[in-house]
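Following: one structure in structure tokens, then a few remarks.
The values are calculated or read from the model by the stated rules, or taken from the named source; none is laboratory data. Remember, it's a predicted structure, so these values are computed and weren't measured experimentally. Every residue, glycine among them, receives a Cβ derived from its backbone with ideal geometry; neighbour counts consider all protein chains shown. Each accessible area value is taken on the protein alone, full model and side chains, heavy atoms only, with ligands, DNA and RNA left out. Shrake-Rupley method; radii C 1.70, N 1.55, O 1.52, S 1.80 Å.
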Amino acid sequence: MSDDSDWTARIDAFWTTFDETDCPRMLADMRALVDERPAGDAAALAEWGGVHDALGLEEEAVNPYRDALAAGLDPVDEHQVTLQLASTLRNLGDHDESIRLLEELDAPELGDAPAAFLALALHSAGRADEALQTALAALAPHLPRYNRALAAYAADLTRRS
């Protein structure tokens, strides 16, 4: 087995050259990388879930994501995998769990990505006002002007509901 930095560099190279049109090759290439790691390796499980997710094989991504989180990841990777799992669950129609994971996710290093995915999950769950409020609240701080007004309008969306 190669050392962690070499394996990570090869994972990064895989994603740089990722080709969603060649599903069999992508799965085989990632399987070869995953098989270099010990069984139950959290990083390998996360990558195995990620390749399925990226190829549109969401149902096959859920268990590796859950297993990776259970096996223990560093905080940054845990946050990324949690967001990926939540997005996948939304795509599969499990809106409640997606929303729960995203509402509990405290990941400043991901910027407003959790809020964007939460807005999508809320919308998918039929909670349009909350979805729009979440998206606008995330956007407001980035505007050069009118951010205070937009934040107030966003907050008003859920007060009216």
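Okay, here's what the table says:
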{"quantity": "Pick from region 50-60, criterion under 14 Å from Arg25 (Cα atoms) and assigned to a helix (DSSP H, G or I), ranking: most open to solvent (accessible area, probe 1.4 Å)", "calculated": "Ala54"}
{"quantity": "Among (1) in a helix (DSSP H, G or I); (2) surrounded by 14 or more Cβ atoms within 10 Å (Cβ to Cβ), the one test that Leu73 misses", "calculated": "(1)"}
{"quantity": "Pick from region 143-161, criterion in contact (Cβ under 8 Å) with a residue 12 or more places away in the chain and in a helix (DSSP H, G or I), ranking: least open to solvent (accessible area, probe 1.4 Å)", "calculated": "Ala154"}
{"quantity": "Candidate set from region 1-49 (those that are open to solvent by 80 Å² or more (accessible area, probe 1.4 Å) and under 22 Å from Ala71 (Cα atoms)); member that is modelled with the lowest pLDDT", "calculated": "Met1"}
{"quantity": "Residue, farthest from Val76 (Cα to Cα), within region 103-138, restricted to residues that are part of a helix (DSSP H, G or I) and free of Cβ contacts under 8 Å to residues at least 12 places away in the same chain", "calculated": "Ala128"}
